[in-house]
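Single-structure report; data block below.
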Amino acid sequence: MKRLTTRLPNSTPRTRLDDYLFEWLPAALGMPVPKSKIRTLIVSGAVYVNRHRNKLASTDIFAGAVLEVYYDEAKLNLSAHPSAAPVVALKNDQILFEDEWIILVNKPAGIPTQPTVDPSRANLFDLTKQFLTRKSTGKMLAKEVYLGLHHRLDRDTSGVVMFTKKEAANKGVADLFSEHRIQKTYHCLVWRSPSSPKHQKEDRFEVKNYLGRISAKNENAHFGSVTSNGDPAQTDFRILEVFRDAYWLEAQPKTGRTHQIRVHTSELGFPILGDPQYFPANVFSMISAPRLLLHAHLLEFDHPVNGQPMKIEAPLPDDFLGVLGKLRP
């Protein structure tokens, strides 16, 4: 048996144990895991919450909870899943800001934010820790380099991710997220449905509704607007550029629901180019996208220790710029 452990980020809202595992476990393992198999792990006593065995799938878990999952590698067929192409190391220009308390990194698309059970699979957390370790070579260090994880981007989303370098900074960063004192700004390229509202450059609009899971429990998680039992969700949008069949959008989520921007754009009739989950399967678009074209462009916040206003920007990656160039006349 192998063990997999995680601590829920401080920005995590209250959620059911099985729902959280269904979101986290496939990414951690690097392979799909059916909801039925996750329920089997829970009821068989293979899942622990804060060091206590928990056999109830509907248990509510909260930010800061520590989860442990014991699993049989052969039964999960891990060997059948190919690892992602390795990323050797972070480059200096991927470090957007660093001081003694925090470090902000420009995450490339295609790698998870946190470690998986496959040690050969690159992830941003380990790459950042390795970067800091290389910098410390030759210095007198009393202990291993520390790195704290507070938020995540999906594997195929690029852009700004913030880590803490000292435990003393954790509470300040956690408060930024829990008290909504950090502004996230995303850029995305979206297809414009013929039936969707027509907009001009610099138009602003918002989506404010309730989001919840709308897929069956034994299927991959798919979210959408609901009229009951949902979580409030709000995203503010601005049109940055208008093309014949597409928009370049700025999105500022005011809440942090799963797939929030992807769901809001899709339900407006503006699905994000390259989105394998929310782009309509019956639509043929002439616009080719190499991946989900969603980029975490900017984080704005007051420094968690000294209070200095911070505005950290990740430039648009080459694949995003490449599609943008093809859209322009």
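The values are calculated or read from the model by the stated rules, or taken from the named source; none is laboratory data. Because the structure is a prediction, the values reported are computed rather than measured. Note that we place each Cβ from the backbone using ideal geometry, even for glycine, and neighbour counts take in every protein chain shown. The area values use the complete protein model at the heavy-atom level, side chains included, leaving out ligands, DNA and RNA. Shrake-Rupley method; radii C 1.70, N 1.55, O 1.52, S 1.80 Å.
To the nearest 10 square angstrom, how much accessible area does Asp126 have with a 1.4 angstrom probe?
60
What whole-number value in Å² describes the accessible area per residue of the chain for a 1.4 Å probe?
Averaged over the residues of the chain, the accessible area is 51 Å².
Which value, in Å² and to the nearest 10, is the accessible area of Trp24 when all protein chains are kept and the probe is 1.4 Å?
Rounded to the nearest 10, the figure is 10 Å².
Show which aspartates and glutamates lie in cross-link reach of Lys326 when reach means a straight Cα distance below 14 angstrom and same-chain residues fewer than eight apart are skipped.
Glu241, Asp245, Asp318
So what is the relative contact order for the chain, in percent, with contacts set as C-alpha pairs under 8 Å and at least six apart?
Dividing the mean separation by the residue count of the chain yields 15 percent.
I want the local charge near Gly212. Using Cβ-Cβ distances under 11 Å, sum +1 for each Lys or Arg and -1 for each Asp or Glu among the other residues.
My count for the surroundings of Gly212 gives 0.
Towards the positive end of the charge dipole of the stretch 244-328, with charges on Cβ (+1 Lys, Arg; -1 Asp, Glu), say which of Thr258, Gln277, Gly307 has the farthest Cα.
Positive-end residue among those listed: Gln277.
Go through Arg134, Arg262 and list them by solvent-accessible area, largest first, probe radius 1.4 Å. Present the calculation step by step, with values, prior to reporting the outcome.
Numbers: Arg134 110, Arg262 20 Å².
Putting Arg134, Arg262 in descending order of accessible area: Arg134, Arg262.
For the stretch 133-254, go through all pairs of different Cα atoms, get the mean of 1/r, take its inverse, and jot down that Kirkwood value in Å.
The answer is 18.3 Å.
How big is the stretch 1-73 in terms of Cα radius of gyration and Dmax, in angstroms?
Radius of gyration, then largest Cα-Cα span, for the stretch 1-73: 11.0, 31 Å.
Of the cross-linked pairs Lys91/Lys165; Lys55/Lys129; Lys55/Lys165; Lys129/Lys254; Lys166/Lys208, which ones have a Cα-Cα span greater than 27 Å in the structure shown?
On the way: Lys91/Lys165 18 Å; Lys55/Lys129 35 Å; Lys55/Lys165 35 Å; Lys129/Lys254 30 Å; Lys166/Lys208 36 Å.
From Lys91/Lys165; Lys55/Lys129; Lys55/Lys165; Lys129/Lys254; Lys166/Lys208, over 27 Å: Lys55/Lys129; Lys55/Lys165; Lys129/Lys254; Lys166/Lys208.
Using a 1.4 Å probe over the heavy atoms of the protein chains, calculate the carbon and sulfur portion of the accessible area of the chain as a whole percent.
Numbers: 8520 of 16750 Å².
The computed percentage sits at 51.
Which net charge results for the neighbourhood of Ala296, defined as the other residues with beta-carbon distances under 11 angstrom from its beta-carbon, given Lys and Arg at +1 and Asp and Glu at -1?
Around Ala296, the charge tally is +1.
Looking at Thr12, Phe237, Ser44, which one has the Cα that reaches farthest to the positive end of the dipole of the chain (charges on Cβ: Lys, Arg +1; Asp, Glu -1)?
Value computed over the given set: Ser44.
Identify, among Gln114, His297, Phe177, the residue whose Cα sits farthest towards the positive end of the charge dipole of the chain, taking +1 on the Cβ of Lys and Arg and -1 on the Cβ of Asp and Glu, with the dipole about the Cα centre.
Looking along the dipole axis, the top candidate is Gln114.
Let me know the charge dipole size of the chain about its Cα centre in debye, to the nearest 20, where only the beta-carbon of Lys, Arg (+1) and Asp, Glu (-1) is charged.
Charge dipole, the chain, about its Cα centre: 620 debye, nearest 20.
Return an integer: the convex hull volume of the alpha-carbon atoms of the stretch 215-296, in Å³ per residue.
Details: hull volume 9.8 nm³, N = 82.
Taking only Cα atoms, the stretch 215-296 has a hull volume of 120 Å³ per residue.
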